[in-house]
C-alpha cells in the first residue's frame, strides 16, 4: 500500500480524472514523484468500478482502492447489507475479509467483527478504509482465517466465509472446488461458532451443496435486477428439521419467496387456452434457481404453459410476483409472422426450436423498449408467439 496515494493533490487528481482515458494516463509520465502512472490509472479504474456497486466507498474521501479485480470479486453494498441481517449476536469473524465490504455491514449488526485477510496489502487497505469511514468495531488481522480460529481460544457467535474458486478450476459447481476448502475444515469451523454463513457463487448446485454440508438450516438465493448474485448457506449448531430455502430479489423493493422442500411436491394446472388480455409471468433468476417450479404456480395462483417451460399465466396482475410480468396483446403462430411487416419487440425464446438471433434475422424484427415477442410452447405441444407489453421488470 503506497500511502502517498492518499496525499491531497493525488486524491484531487484521481477525482478529476475519473472520466479520462486511463490508458493514456498509465502511459504518460506521472505528475507525482512517489506515485507511478500505473498506480494512478489503477486507482481511477477501481474507483470508477465502485461508483454503482459501492456508492458509500465512492462518496467517501480518502478511500484507497485495491486492484480492480478485488472490486469485481467483492460483494455489492446491496447484497452485503442483506446478508448482514443473518449475523447472530455479539462476535463475528470474517475468515476471507477481502476489501472489507461484508465486514463493514456486519459491523452495523454485531458488537465486534474480526476481519481476516491472508493478503497483507489488502488487509492494510481494508483497515485504512474502515478508519476513513469511522468504523471502530472491526479488528483487522493479516493472516489465514482458518489458522486463526484453529489457534485462538475465542468462540464466535457467527463465522462468515466466502471461498473463491481455485485458479485452475473453471466454472465451479461444488464447494470442494473452492478455497479455502470449507468441507475439509467444516468440523473445525463448526466447533468454533453458533452460526456459520457461507457465501458461494450462484452456479453452485443446491443439491450438491446440501449433500456436502449436511445439516443446513437455511439457504438464501440472492438476485439483483434478474441476475443471480450469490447463494448464502446458513448452518446453526444443533439444527434439526428441513432446510428452509428463500429466493430474494433485491431491487427497489425486496421480494422474498420462502419454502420447505417438502412443499414443492404439488400438482398444478396447465394453461388450457391462451387469452389476449391475460398476463404472462416469468420468474426472477433467484426463483428459477430455487427449482420450486410448481410451487410458484400454486402460491401465486397461476397456471403453467408447459411442464418444461417456466412461464405462467393469470387473468389478474400481481405486482408482488418476483419477476417480469407481461400483458398478452396478441397470440400468433409462425405462419402469421411471415405476413407481418414492421415487427418490433425484444425477442425471448423459451422451449422453442430456434435461437433469438436467428428469429430476429428471419422475421426482420426491430428492437423496442416496451414490446416483447415471446416464442414458446403450450402444454399441448403447440409452438406459439406471444406479442406482449412489459408491465413489470423486477
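No lab work stands behind these numbers, since they all come straight from the coordinates. In this text, all values refer to a predicted model and were calculated from it rather than measured experimentally. Heads up, the Cβs are rebuilt from the backbone with ideal geometry, glycines too, and the neighbour counts pull from every protein chain shown.
Taking every C-alpha pair closer than 8 Å and separated by at least 6 residues, the mean separation divided by the residue count of the chain gives a relative contact order of 9 percent. With R₀ set to 45 Å, the beta-carbon distance separating residue 361 from residue 155 gives a calculated FRET efficiency near 0.10. Applying 0.36 nm per residue to the separation of residue 89 and residue 252 and subtracting their alpha-carbon distance, the gain on full extension is 55.8 nm.
Each of 309, 158, 253, 96 was scored by other Cβ atoms within 10 Å of its Cβ. Arranged with the fewest first, they read 253, 309, 96, 158. Ordering 363, 105 from the fewest to the most neighbouring beta carbons within 10 Å gives 363, 105. Please report the antiparallel percentage of DSSP beta bridges with both residues in the chain, rounded to the nearest 5. The answer is about 60 percent antiparallel. In the chain, the calculated helix contribution to ellipticity at 222 nm averages -7500 deg cm²/dmol per residue, counting -39,500 (n - 2.57) for every DSSP H run with n ≥ 4.
Size descriptors for region 270-394, from the alpha-carbon set: Rg then Dmax equal 13.9, 40 Å.
The Cα atoms of region 1-107 give a gyration tensor whose axes a ≥ b ≥ c have a/c of 1.5 or more with a/b greater than b/c, which makes the shape prolate.
Between residue 134 and residue 264, the simple label model (points 7 Å from Cα in the Cβ direction) yields a spacing of 4.6 nm. Between rounded, prolate and oblate, where does the chain land on the alpha carbon gyration tensor, with a ≥ b ≥ c its root eigenvalues, rounded for a/c under 1.5, else prolate if a/b exceeds b/c? Here the chain falls in the oblate category.
Each semi-axis of the equivalent ellipsoid for region 232-307 is √(5λ) with λ an eigenvalue of the Cα gyration tensor; in descending order they amount to 28, 16, 8 Å.
In the elastic network of the chain, a GNM with C-alpha springs shorter than 10 Å, the most mobile of 310, 81, 340 is 340.
FRET efficiency for the pair residue 181 and residue 242, taken as 1/(1 + (r/R0)^6) with r the Cβ-Cβ distance and R0 = 22 Å, rounds to 0.25.
Centre-to-centre separation between the Cα atoms of region 124-162 and those of region 206-246: 24 Å. Label separation (residue 227 vs residue 329): 2.8 nm, computed from points 7 Å beyond Cα along the C-beta direction. Quick check: the distance between the Cα centres of region 301-380 and region 2-43, to the nearest angstrom? Value for the Cα centre distance between the two parts: 49 Å. Taking 7 Å steps out from each Cα toward its Cβ at residue 344 and residue 207 produces label points 4.5 nm apart. Length gained on full extension, residue 32 to residue 144: 36.8 nm, using 0.36 nm per residue less the C-alpha separation. Here the gap between residue 370 and residue 319, fully extended at 0.36 nm per residue and compared with their Cα-Cα distance, gives a gain of 16.6 nm.
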